[in-house]
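What follows is one structure encoded as structure tokens, with my remarks underneath.
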Amino acid sequence: MDLILRRKELERRSGQGLFAWGIGNSLGVAATLARQEARGNGVEVLFTPMRSAAKHADVSPTQVLLWLGYHNEDGVETRLPSHMVITSRGSQGRVGGRRSHYALLCEGQRDITVPVNLGVIDANRAKNFASLNPLGASQVTAVVRYQPACDELPEKHYPVTFRAKLHGAGFVRLASPVVLEGDLANLYHKVCKSETVEEWLEGTASLRQKAEETQTRQSPQKKLFGEVLARKTRPEEYVSPRIQILAAV
């Protein structure tokens, strides 16, 4: 986890505060509703450590995907900023290893690797934003409302490791995965060893270029039968789920 946070901190610094955090579950419309209710005040994202151990499939995946883009609010595929690196485990039983994956687009001005006292979250006071139902045991990431203390249940504290705010669309569905293998995988691991912002920016630019070339070779031509792929181009590391995220207003 320390290595993941160090990479994410380089990403944050390289993006003048902007970074992405890959997540495995959809938040539905809850993130949009929370942004609307926040009325410009922003939706806070609180990262807390998980108590349960990571699954073996997440710790040692048989295949890892690098995601190049996401679907914007209009449904148009948009390229992620080149300084953002989001990966996930793939599924070799699926075509191209594809599986749905999502991301939180975050903005923060504090070094996420420096331990600070950011308080605790009582999980029993966090209710799902839209339904107000208690959080399910399998919810790793959830948009929540923080309710008054409940005397009927014992406190269930999770320390807040670091915090940020949702940026722009905030929650997105990722697109255009490329399997990390061969030279592309070697370049990815080299980028992950970056020590400075300059090394990170140079490395991620090279990684993006090579990933785009790899995708071009692997993807079928989209002009077949008159089909055209429309894409806008705009200027996660594999994350073992030891962090759970509560996005709250």
**Item:** Total residues in segment 177-207, condition crowded, with 19+ Cβ neighbours inside 10 Å and either at positive phi or in a strand (DSSP E or B) (or both)
**Value:** 3
**Fill in**
Here the qualifying pairs (Cβ atoms under 9 Å; residues six or more apart or on different chains; first in segment 1-24 and assigned to a loop (DSSP other than H, G, I, E, B); second hydrophobic (A, V, I, L, M, F, W, C) and surrounded by fewer than 19 Cβ atoms within 10 Å (Cβ to Cβ)) come out as Gly24/Val140
**Prompt:** What do you reckon, is Ala137 in a loop (DSSP other than H, G, I, E, B) and surrounded by fewer than 13 Cβ atoms within 10 Å (Cβ to Cβ)?
**Reply:** yes
**Fill in**
Within segment 19-30, of all residues that are at negative phi and out of contact with any Leu (no Cβ under 7 Å at 6 or more places or on another chain), the one most open to solvent (accessible area, probe 1.4 Å) is Val29
**Message:** Of everything in segment 43-73, what is over 26 Å from Thr204 (Cβ atoms) and modelled with pLDDT of 85 or more? Give them in sequence order.
**Reply:** Val43, Glu44, Leu46, Thr48, Pro49
**Prompt:** Restricting attention to segment 104-121, and to residues there that are in a strand (DSSP E or B) and in contact with a Gly (Cβ under 9 Å, 6 or more places away or on another chain), which single residue is nearest to Val29 (Cα to Cα)?
**Reply:** Leu104
**Asked** Residues of segment 31-42 being modelled with pLDDT of 80 or more and either assigned to a strand (DSSP E or B) or over 13 Å from Val172 (Cα atoms) (or both), which ones?
**Response** Leu33, Ala34, Arg35, Gln36, Glu37, Ala38, Arg39, Asn41, Gly42
**Where a residue in segment 34-49 is on the phi > 0 side of the Ramachandran plot and surrounded by 15 or more Cβ atoms within 10 Å (Cβ to Cβ) and its partner, wherever it lies, is part of a loop (DSSP other than H, G, I, E, B) and of a type in the set (Asp, Glu), with Cβ under 7 Å and at least six apart** = none
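The values are calculated or read from the model by the stated rules, or taken from the named source; none is laboratory data. What you see is a predicted model, and the numbers here were worked out from it, not measured in a lab. All Cβ positions, even for glycine, are placed from backbone atoms using ideal geometry, and neighbour counts span all protein chains on display. Just so you know, the surface numbers come from the protein's heavy atoms only, side chains and all, with ligands and any DNA or RNA stripped out. Shrake-Rupley method; radii C 1.70, N 1.55, O 1.52, S 1.80 Å.
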